[in-house]
Each structure stands twice: as structure tokens, then as C-alpha cells.
1. From the list Ala26, Ala74, Ala41, Ala58, exactly one residue is of a type in the set (Gly, Ala, Ser) and in contact (Cβ under 8 Å) with a residue 24 or more places away in the chain. Which is it?
2. Within segment 63-77, take every residue that is within 22 Å of Pro3 (Cβ to Cβ) and out of contact with any Gly (no Cβ under 8 Å at 6 or more places or on another chain) and give me the one that is surrounded by the most Cβ atoms within 10 Å (Cβ to Cβ).
3. From Tyr126, Tyr122, which residue is open to solvent by 50 Å² or more (accessible area, probe 1.4 Å), aromatic (Phe, Trp, Tyr) and modelled with pLDDT of 90 or more?
4. Could you tell me which residue of segment 129-163 is nearest to His2 (Cα to Cα), considering only residues that are open to solvent by 20 Å² or more (accessible area, probe 1.4 Å) and part of a helix (DSSP H, G or I)?
5. In the set Phe34, Phe72, which member is aromatic (Phe, Trp, Tyr) and modelled with pLDDT under 95?
6. Which one is farthest from Gly62 (Cα to Cα), of the residues in segment 176-185 that are surrounded by 14 or more Cβ atoms within 10 Å (Cβ to Cβ) and out of contact with any Lys or Arg (no Cβ under 6 Å at 6 or more places or on another chain)?
7. Could you please let me know if Thr116 is polar (S, T, N, Q), surrounded by 22 or more Cβ atoms within 10 Å (Cβ to Cβ) and modelled with pLDDT of 95 or more?
8. Given Gly166, Gly134, Gly119, which one is of a type outside the set (Asp, Glu), within 22 Å of Pro70 (Cα to Cα) and out of contact with any helix residue (DSSP H, G or I) (no Cβ under 8 Å at 6 or more places or on another chain)?
Amino acid sequence: MHPITVVLTEVYSDWEIAPLCGAGRAFYGAEFRFVSPKGGALKSAAGLPIAETGRFEAPDEGVVVICGGPAFEADDGLDIGQKLRQSRESGCVIAGICGGTIALARAGMLDNVSRTSNGPDYLGNYVKAYSGTGRCVDEPRAVRDKDIITAPAPASFAREVLVAAGLDPQKAEELENMLGAEHSK
């Protein structure tokens with residue numbers, strides 16, 4: 001499988017990547033790199049401390065995952081667009097979940113692809129230059145369009161990211177079914 005670079009920010013939404021990272025590594029041997037825009041220590045929304053993250057640099061391969069959190073919703077929200085565009089140009093799949101989709105919209109990556117997020121108007125509230133509102137697929141499951149993955153929730157997001165990294169789609173489907181089983185009754 002290709003490496004998965006996970007971009008975290010201060011007070012990142014830890015539950016959004018827990019199924020991907022926990023099950024991806026434990027069950028499928030996925031390789032994760034945890035980075036942040038400036039590198040250094042972070043705390044998750046739950047207060048879980050991370051002693052060190054690498055500084056986000058555009059990888060040459062794999063999948064780049066942008067975890068959600070309030071850092072992207074701020075008026076002076078983080079702009080990592082250049083590194084996201086470089087990653088995409090190198091052949092990486094770019095994935096954003098929840099507030100992480102704001103970073104993709106700021107980078108201009110969601111204007112011409114089908115995508116989902118936290119509702120049809122969510123991205124327009126934070127990114128004035130965003131012009132892809134008509135391409136929104138308003139559903140709770142991950143959406144993949146070419147080399148872009150977006151999602152508001154973690155189970156289908158984990159499946160799509162792991163498949164993009166090279167996991168057999170059937171195994172990834174089993175993971176999603178396991179993660180979503182409690183919601184099916």
C-alpha cells in the first residue's frame with residue numbers, strides 16, 4: 001500500500017480519523033505519517049496530546065488526508081493550498097473530511113468535482129471564492145471524484161482512503177461494514 005499522510009491541526013477532530021488510522025494500521029498494515037502545517041506538538045479535540053508531528057511537506061506519492069477541526073473554520077483559517085496542489089501534481093489522492101474539506105476548497109480543488117461535506121452551503125460560508133456549490137452531493141457517505149475524496153463522516157471515508165492507498169476494495173468494504181454495523185439496526 002501507498003503511504004497515507006494525515007494533516008492535523010490544533011484541536012483536530014480525532015474521531016474523524018480514528019477508524020482510518022486505527023483499523024488501517026492494525027488490520028491492514030497501512031503506513032501513516034502524521035504532520036501539521038508547522039510541525040510540533042498538538043492536542044486533539046478530546047485533549048489527547050501528540051508530542052510531535054512533522055512539518056507538512058508535499059509528498060511524492062500516496063494519499064494526503066486533511067482531518068477536520070476548527071482551525072480551518074477560523075476567519076484567518078490555515079492555508080495549506082500550495083502544498084495540497086503540489087501533492088496532487090505529484091500524483092497523490094487528496095482527501096478531506098468535515099472541516100478538512102475547507103482546505104481543499106481554499107486550494108481550488110473542489111470547484112469542478114463532485115463532493116460532499118457538512119451540507120451544501122458549508123464550504124461557501126468559509127471560502128468566498130468557492131464556486132462548486134452545484135457539485136455538492138448532500139449525503140453522509142464519502143464521495144470520490146477522480147483524485148479527490150470528501151466526507152462528512154468517518155466509516156466510508158476510511159474505506160475510500162484505504163482503497164486509494166491500494167487496499168483491496170473488498171477488504172475495505174468489510175471494514176466499512178464492521179464500522180457501520182451498529183447503525184444499521
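1. On the way: Ala26 fails: in contact (Cβ under 8 Å) with a residue 24 or more places away in the chain; Ala74 fails: in contact (Cβ under 8 Å) with a residue 24 or more places away in the chain; Ala41 fails: in contact (Cβ under 8 Å) with a residue 24 or more places away in the chain.
Only one candidate passes the filter, namely Ala58.
2. Ranking the qualifying residues of segment 63-77, first place goes to Val64.
3. On the way: Tyr122 fails: open to solvent by 50 Å² or more (accessible area, probe 1.4 Å).
Going through Tyr126, Tyr122 in turn, the sole match is Tyr126.
4. Selected residue: Val163.
5. Values: Phe34 fails: modelled with pLDDT under 95.
Only one candidate passes the filter, namely Phe72.
6. Filtering segment 176-185 down to residues surrounded by 14 or more Cβ atoms within 10 Å (Cβ to Cβ) leaves 176, 179-180.
Now drop any that are not out of contact with any Lys or Arg (no Cβ under 6 Å at 6 or more places or on another chain), which leaves 179-180.
Details: Leu179: 23, Gly180: 26 Å.
Within segment 176-185, the match that is farthest from Gly62 (Cα to Cα) is Gly180.
7. Details: polar (S, T, N, Q): yes; surrounded by 22 or more Cβ atoms within 10 Å (Cβ to Cβ): yes; modelled with pLDDT of 95 or more: no.
No; evaluated as a whole, the condition is false for this residue.
8. Working: Gly166 fails: within 22 Å of Pro70 (Cα to Cα); Gly134 fails: within 22 Å of Pro70 (Cα to Cα).
From the options Gly166, Gly134, Gly119, the qualifying one is Gly119.
The values are calculated or read from the model by the stated rules, or taken from the named source; none is laboratory data. Everything numeric here is computed off the predicted structure, so don't read it as measured data. Quick reminder, even Gly has a Cβ in these numbers, built from the backbone with ideal geometry, and neighbours come from all protein chains shown. Quick note on the areas: whole protein, heavy atoms, side chains included, nothing else; ligands and nucleic acids left out. Shrake-Rupley method; radii C 1.70, N 1.55, O 1.52, S 1.80 Å.
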